[in-house]
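Before any comments, here is the structure.
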Amino acid sequence: MKIVISNSSKEPIYEQITMQIKEQIIKGVVIEGEMLPSIRKLAKELQISVITTKRAYEELEKDGFIRVIPGKGTFVAPQSKDLLREKRLKIIEDKLAEIIDESKLLDISLEEIINMLKLLY
Amino acid sequence: MDKILEVNNVSKKYKNFDLKDISFSLDKGYIMGFIGPNGAGKTTTIKLIMNLINRDSGFIKIFSKDNIKNEKDVKDKIGFVYDQSYYFEDMNLKDNTKIISPFYSKWNQKKFEYLIKKFGLEMKFKVKDLSKGMKMKFSLAVALSHEAELLIMDEPTSGLDPVFRSEILDILREYIQNENRSVLFSTHIITDLEKTADYITLINKGKLLFSDEKDLIIEKYSVIKGSLEILDNGLEKKFVGIKKHSYGFEGLTDSSNFMRKKFGDSIIIDKPSLEDIMLYMVGEKHETINI
């Protein structure tokens with residue numbers, strides 16, 4: 001898992017953490033059942049306050065991304081069908097974005113791309 | 001139940017100084033930064049917590065016990081780091097430790113020796129020959145060697161260089177890896193707290209200004225910068241503190257949404273630092289002083 005914190009960002013630090021962990025769960029970098037570091041460990045590693053990591057984990061738990069099992073630790077929660085779909089859509093979107101970038105470099109218009117898609121689909 | 005320290009309506013009157021009705025509390029597992037300008041009453045409050053001076057009114061509970069009735073029990077579990085050295089200056093560390101250690105029921109000599117080595121000290125050093133930073137490390141080694149659950153530090157980082165201060169902050173973060181432990185840490189070097197502290201308590205002139213989660217405090221306030229033309233009496237009231245100069249103003253407010261709606265791009269809205277918040281909150285209305 002990767003977390004990079006910017007102190008100059010307008011986003012509060014807890015939000016930076018939740019966003020980055022969510023993204024990695026959606027992308028499948030961290031998978032269901034994987035154990036996350038404790039709030040204290042994470043705070044120490046990132047050199048931020050415990051209450052900040054606690055708030056980040058609370059948000060993630062509220063949104064169903066992680067699950068806290070008392071006495072055992074914090075784990076990536078099983079993802080719902082909706083979430084999985086969203087996750088896959090996100091992958092397709094990313095790939096399409098790549099195609100668009102590449103096409104723009106070659107001056108290929110949106111219509112041309114759509115036509116190509118229609119032929120291939 | 002989860003409170004490790006409760007200070008309730010505590011007052012202490014001196015000839016030239018009045019500590020009035022101070023109340024705050026600290027939960028287990030967190031670090032609280034105790035801030036305020038010089039002479040605000042930080043050391044007086046800490047001395048009251050440690051029962052080194054008598055309070056006039058109010059009460060203090062540590063580990064849910066009254067700090068005076070159970071002084072011995074309570075102090076056994078407090079690691080106290082004071083800004084002045086209270087050791088025997090002419091003795092070496094070993095002999096000082098022989099005197100100190102019997103006061104603690106859970107003194108851990110092995111841990112102490114380990115920390116002394118880790119901190120780059122030697123038992124044969126005399127206290128009077130130690131630098132300020134080394135004395136601080138010796139105090140810290142003592143405080144961490146008797147299974148203390150509450151660390152109370154009065155200005156531990158003042159007069160120390162940034163490298164040294166950062167080492168001390170690392171030690172504090174390591175210390176609270178155990179969630180039953182807390183730290184109360186007074187300082188006027190606020191940047192030290194910006195990252196580490198969970199809670200901030202600010203006092204000024206013997207009065208409590210706030211005691212809250214650091215993140216919430218920083219989210220609540222914004223620094224607004226703009227031109228003097230938009231500033232009228234009504235608007236000025238929306239600022240906690242304001243500084244005017246010939247070309248514009250700068251102020252701290254908790255109504256940044258209102259400001260954004262009303263003035264849009266004609267003002268700059270910045271995230272405040274803890275230092276900004278303290279300066280604006282304790283500052284008198286800023287007027288230019290002619291020198």
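Coordinate-derived values only; no laboratory data. Given the structure is predicted, the values throughout are model-derived calculations rather than measurements. Heads up, the Cβs are rebuilt from the backbone with ideal geometry, glycines too, and the neighbour counts pull from every protein chain shown.
Along its three principal directions, the equivalent ellipsoid of the protein assembly as shown from the Cα gyration tensor extends over semi-axes of 46, 32, 20 Å, largest first. Remark: for residue pairs A:Lys87/B:Lys214; B:Lys75/B:Lys110; B:Lys3/B:Lys225, the C-alpha separation exceeds 30 Å in A:Lys87/B:Lys214; B:Lys3/B:Lys225.
Taking every DSSP helix (H) stretch of at least 4 residues in the protein assembly as shown, weighting each as -39,500 (n - 2.57) and dividing the sum by the residue count yields a mean residue ellipticity at 222 nm of -11500 deg cm²/dmol. Between B:Ser23 and A:Arg88, what FRET efficiency follows from the Cβ-Cβ distance if R0 is 56 Å, with the result rounded to 0.05? Efficiency at R0 = 56 Å is approximately 0.55.
Where a ≥ b ≥ c are the square roots of the eigenvalues of the C-alpha gyration tensor, would you call region A:13-76 rounded, which needs a/c under 1.5, or, failing that, prolate if a/b is larger than b/c, or oblate? Cα axes put region A:13-76 in the oblate bin. Using only Cα atoms and rounding to the nearest 10 degrees, what angle (0 to 90) does helix B:162-175 make with the longest principal axis of chain B? Here the helix axis deviates by roughly 70 degrees. For the options B:Asp198, B:Asp66, B:Asp27, a Gaussian network treatment of chain B with springs between C-alpha atoms closer than 10 Å singles out B:Asp66 as fluctuating the most. Among all the lysines, which ones have a C-alpha under 18 Å from A:Lys118's C-alpha, if same-chain residues fewer than 8 places away are not counted? Counting by Cα, and skipping residues close in sequence, A:Lys118 has these lysines nearby: A:Lys95. In the structure displayed, which of B:Lys28/B:Lys238; B:Lys15/B:Lys42; A:Lys27/A:Lys62 lie more than 24 Å apart, Cα to Cα? Pairs exceeding the cut-off: B:Lys28/B:Lys238.
Bridges between two residues of the protein assembly as shown, per DSSP, are antiparallel at a rate of about 70%. The shape of region A:9-121 comes out prolate: with a ≥ b ≥ c from the C-alpha gyration tensor, a/c is at least 1.5 and a/b beats b/c. Over all projection directions, the Cα-based convex hull of region B:137-181 averages an area of 3.1 nm². How would region B:3-215 be classified by its alpha-carbon gyration tensor: rounded, prolate or oblate, with rounded meaning a/c under 1.5 and the a/b versus b/c comparison settling the rest? Prolate, since a/c reaches 1.5 and a/b exceeds b/c. Simple point charges give the picture: +1 on the Cβ of Lys and Arg, -1 on the Cβ of Asp and Glu, and for chain B a dipole about the Cα centre of about 680 debye.
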